[in-house]
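Note sheet for the following structure.
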Amino acid sequence: MLTLLENVLDRADGSYITPEDLRTLDQSIASWQQRRQTYDLIQTKENSILTQVMQQVQITAPEVAAKVTHDGGNKCTRDMALVLRYCATAMLLQDEEMLKDRLLYWMQNIMLALKNQKVNDFVYRSLQKSVRENLPKENADLLLPYIAIAHQWLSQ
């Protein structure tokens, strides 16, 4: 939403906002309540979502589990929580660029240095599955595109 507002203001640049941009703003405002409800639900369900991911990793991918549980899974869970929170905020504000600027550019460099791309691929697939199972479909559908972006960035 912040990027959307900035872009609309930049395009207007002393003129009236175009009808197309006004429609886009109207749509964003109209979906605010659902995005806000989804944000609150994610916050409430965070522990369930993350716990399910870690259980899924341990059950279905022992080789991945060995890599992410060497510290009890604390770092992996912490990183997933950070990604989930930033994705939730990006979804709330409809701002993919904020997600990239504030988290993914930085985190991607760390993951590249640690060579964690394959582990992340499995973990973030599991995160998407857990979100689908823990949130109603209409709420999950709002969040999943942002998790997909994080998955792509952190698994390459």
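General remarks:
- Across segment 101-116, coupling constants 3J(HN,Hα) worked out from phi with the 6.51/-1.76/1.60 Karplus curve, θ = phi - 60°, read 5, 8, 9, 6, 4, 5, 5, 4, 4, 5, 5, 5, 5, 7, 6, 9 Hz, and Gly and Pro carry x.
- Taking a straight line from the alpha carbon of Lys129, these aspartates and glutamates sit under 15 Å away, with near neighbours fewer than eight places off in the same chain left out: Glu46, Asp121, Glu138, Asp141.
- Gyration tensor (alpha-carbon) shape descriptor, segment 72-156, a/c threshold 1.5: oblate
- Relative packing of 7-15, 77-85, 122-130, which averages over residues the other C-beta atoms within 10 Å, highest first: 122-130, 77-85, 7-15
- With a cut-off of 15 Å between beta carbons, the residues surrounding Ala12 carry a summed charge of -3, where Lys and Arg count +1 and Asp and Glu -1.
- Net charge of neighbours whose Cβ lies under 15 Å from the Cβ of Gln52, counting Lys and Arg as +1 and Asp and Glu as -1: +2
- Distances between placed amide hydrogens fall under 5 Å for Ser31 paired with no residue 5 or more residues away or on another chain.
- Within-11-Å neighbourhood charge of Ser155 [Cβ basis; K, R +1; D, E -1]: +1
- Degrees separating the helix 2-12 axis from the principal Cα axis of the chain, which is the longest one: 30 degrees
- Computed 3J(HN,Hα) for segment 74-83, one whole-Hz value per residue from the Karplus formula 6.51 cos²θ - 1.76 cosθ + 1.60 where θ = phi - 60°, is 4, 5, 5, 5, 4, 5, 4, 4, 4, 5, glycine and proline marked x.
- Residue-by-residue Karplus 3J(HN,Hα) for segment 121-137, coefficients 6.51, -1.76, 1.60, Hz, glycine and proline x: 4, 5, 4, 6, 5, 5, 5, 4, 4, 5, 4, 4, 7, 9, 10, x, 3
- Extension reserve of the Gln27-Leu5 stretch, reckoned as 0.36 nm per residue once the Cα distance is removed: 6.7 nm
Rule-based calculations on the coordinates, nothing more; no lab input. Source: prediction; values computed, not measured. Reconstructed Cβ throughout: ideal geometry from the backbone, glycine too, with neighbour counts over all protein chains shown.
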